[in-house]
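Enquirer: One structure is given below, represented as structure tokens, and several questions about it will come after.
Just so it is clear, none of the values below were taken in a lab; they were calculated from the coordinates. Small disclaimer: the values here were computed from a predicted structure and weren't measured. All Cβ positions, even for glycine, are placed from backbone atoms using ideal geometry, and neighbour counts span all protein chains on display.
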Amino acid sequence: MIAKVRAFTLQGLDALPVEVEAGVYQGLPDLTVVGLPDAVLRESRERVRSGIVNAGYQWPTRRMLINLAPAHIRKEGSGLDLAVAVSLLKASGQLPDLDTEELVFAGELSLDGSLRSSRGILAAALAMEQWPDKVLAVPADNREEAMRGTGRVLALRSLAQLRDTDEMMRRIRIARLGKALIEGQCSCDASAEAKQNTRDRHQGPEGISSPNENVLWDLRMVKGQQKAKRALELAAAGGHHLLLLGPPGSGKSLLARCLQGILPPMRKEEMLEVNRIYSAAGLLGADTPWIVRRPFRSPHAGVTKAGLLGGGIPFRPGEVSLAHRGVLFIDELPEMDRNCLESLRQPLEEGCITLSRAWGSINLPARIQLIASANPCPCGYYGEYPPKCKCLDYEIRRYQNRFSGPLLDRMDMVVQVPRLEAENLTDHSPSGEDSYTVADRVAQVWRKRQEEERKEARDLESLRRQLTPDSKKWALSAYEDHQLTARGYYRMLLLARTIADINEEEAICVSSLAEALEYRLAAI
């Protein structure tokens, strides 16, 4: 007998449909899996065997064959365990009344027959649009994640639940109405629960809609450094890349971590993009069921290129993609491998990463805001007064040459963060504005920018039209005098537009351009 069930396999961030075919034949007991399975799928034979037996079913004592179609697509991960187990039970006649045509399966099987949470469930839920009349069966721990992508969800805790066919078919009919049930939950008003599930799918959990709630790092914690705080506000308002330079202990890392608290909240479509990446990476779970705040990723300087961009077997998104729509903070930028640093050029310029592997190419979203910190020399005290730097001249030059010109050209702002003065260090009173006040101004700039972008794209020509006659001459003079690149000129205008928005000015005046140019010329 041959049984067929539908499932998904994860390829990058996309869920590709897979048909799992199971056949039970005469012969010595054996289970063979074909159709380009990876090592995880080949090992699933033992998990499926133990799960079926411990769930109260019989393991067929015949020759069994599992085919994963289409055969030319590589299948990876443990998300096909549930589909493989159901297809074997159906083919061996142990689930004769369960209509598997109604269901699409996704989930990992445990040895005791229970279902574990799996990565990529959100991508599978979003892909359910191609099967509008079917229901997605997932582990109970992935229920909330799946509900964000589709309302047709059947949450299961164990493989043994499939034995009660009448109960399963009742739950499938209810799930088609947009209702998801976990064993032990029931409501007499199905329509009311369906509306609640629909609301949960499109909104974040109640009480965490504010982007600044539970912010650990507040700008008032930073003593002094008013110029750096100003640059941080501009970076948040315009999504500009920022490099902080200064001696050890001057507050560079603290300033960078304060950025998350002043960024505006994510829109619903942005939230869906971010959670899709985290789901594919297996980072959504009971502790973090849904990401509502813009990501802040801070990889170690020793991160590998695969860890930064993505890769591995099975494939995982890298730190750059995990920081999509958020902040990628690199502390001690010169200590990072040169190849890793140069690989940031494409995401900074295009907002995406294209990875080519032997089995195909993957496009990963990577619209990030890069915040980096660095010391001016190996000992960290070059340029301090009184002089205390012990580095030789060639050591300083070699250290500073780790900042390549093309990478620095993509940094919108370079800000010096000097050593704190004694009066700032001993002052225990709150310093300056808090993150909530700054976040309000940043949110106003974002709203204004979104309204402007609906009317007109913010390209070079539109920015030129916003210059006054004097500022237009000043900008061209700055381009020639300081030998700016074309990219540098455009990014100077973008930064000047952000400064004008913060200052509530309609046109880009000379003072905004002068401040923007000062940030660009403050490199080492």
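Enquirer: Let me know the shape class of the stretch 371-444, please: from the alpha-carbon gyration tensor, a ≥ b ≥ c as square roots of the eigenvalues, rounded when a/c is under 1.5, otherwise prolate if a/b is greater than b/c, or oblate. Walk me through the numbers on the way to the answer.
Expert: Numbers: a/c = 4.56, a/b = 1.37, b/c = 3.32.
Oblate shape, in that a/c is at least 1.5 and b/c is the bigger or equal ratio.
Enquirer: Residue by residue through the stretch 479-493, what is 3J(HN,Hα) from phi via Karplus (6.51 cos²θ - 1.76 cosθ + 1.60, θ = phi - 60°)? Round to whole Hz and write x for glycine and proline.
Expert: Couplings: 5, 6, 5, 9, 6, 6, 7, 4, 5, x, 5, 5, 6, 5, 5 Hz.
Enquirer: Sort 502-510, 148-156 for me by packing, meaning the mean count of neighbouring Cβ atoms within 10 Å per residue, highest on top.
Expert: Ranked by mean Cβ neighbours within 10 Å, highest first: 148-156, 502-510.
Enquirer: Net charge near P132: determine it from the other residues with C-beta under 15 Å of the C-beta of P132, scoring Lys and Arg +1 and Asp and Glu -1.
Expert: 0
Enquirer: May I pose another question? Non-local amide H neighbours of L283 (under 5 Å, H modeled in plane, Pro and chain starts lacking H): which ones?
Expert: Sorted by chain and number, the residues that satisfy this come to none at all.
Enquirer: Sticking with this structure for a sec: Nearest 0.05, what FRET efficiency do D99 and K268 give at R0 = 22 Å with Cβ-Cβ as r?
Expert: 0.05
Enquirer: What is the packing order of peptides 331-343, 14-26, 255-267, 379-391, taking the mean over residues of other C-beta atoms within 10 Å and listing the highest first?
Expert: Those peptides, ordered most packed to least, come out 255-267, 14-26, 331-343, 379-391.
Enquirer: Karplus couplings for the stretch 411-416 from phi (6.51 cos²θ - 1.76 cosθ + 1.60, θ = phi - 60°), rounded to Hz, Gly and Pro as x?
Expert: With the stated coefficients, the stretch 411-416 comes to 8, 6, 9, 10, 10, 7 Hz.
Enquirer: List the residues, sorted by chain then number, that are 5 or more residues from Y382 or on another chain and whose placed amide H is less than 5 Å from its amide H.
Expert: Residues meeting the criterion, in which the H sits 1.01 Å from N, are C377.
Enquirer: Follow-up question, since we're still on this one. On a straight-distance basis, which aspartates and glutamates could pair with K134 in a cross-link, Cα separation under 16 angstrom, same-chain partners fewer than 8 positions away excluded?
Expert: E19, D99, E101, E102
Enquirer: Same structure, new question: Pairs of alpha-carbon atoms within less than 8 angstrom and 6+ residues apart define the contacts here; what relative contact order does the stretch 115-170 have, in percent?
Expert: 35 percent
Enquirer: Here are a few candidate values for Cα Rg over 2.2 N^0.38 Å: (i) 1.17; (ii) 1.02; (iii) 0.96. Which one was actually calculated from the structure I just gave you?
Expert: Structure-derived value, by its label: (i).
Enquirer: Taking a cut-off of 17 Å between Cα atoms, list the lysines near K252, but don't count ones fewer than 8 places away on the same chain.
Expert: Hits, sequence-local ones excluded: K223, K227, K229.
Enquirer: Along the charge dipole of the chain, which of P334, T354, L308 sits closest to the positive end, that is, farthest toward it, with unit charges on the beta carbon of Lys, Arg, Asp and Glu (+1, +1, -1, -1)?
Expert: About the Cα centre, the residue reaching furthest to the positive side is T354.
Enquirer: Then there's this: Calculate, in nm to one decimal, what V34 and E421 gain on full extension: separation in residues at 0.36 nm each, minus their alpha carbon distance.
Expert: The V34-E421 span can extend by a further 132.5 nm.
Enquirer: Still on this structure: Using Cα centres only, tell me the gap between the stretch 387-456 and the stretch 10-64 in whole Å.
Expert: 54 Å
Enquirer: Also: Which residues' amide hydrogens lie under 5 Å from the amide hydrogen of A372, considering only partners 5 or more residues apart or on another chain, with H built in the peptide plane?
Expert: L242, L243, L244, I330
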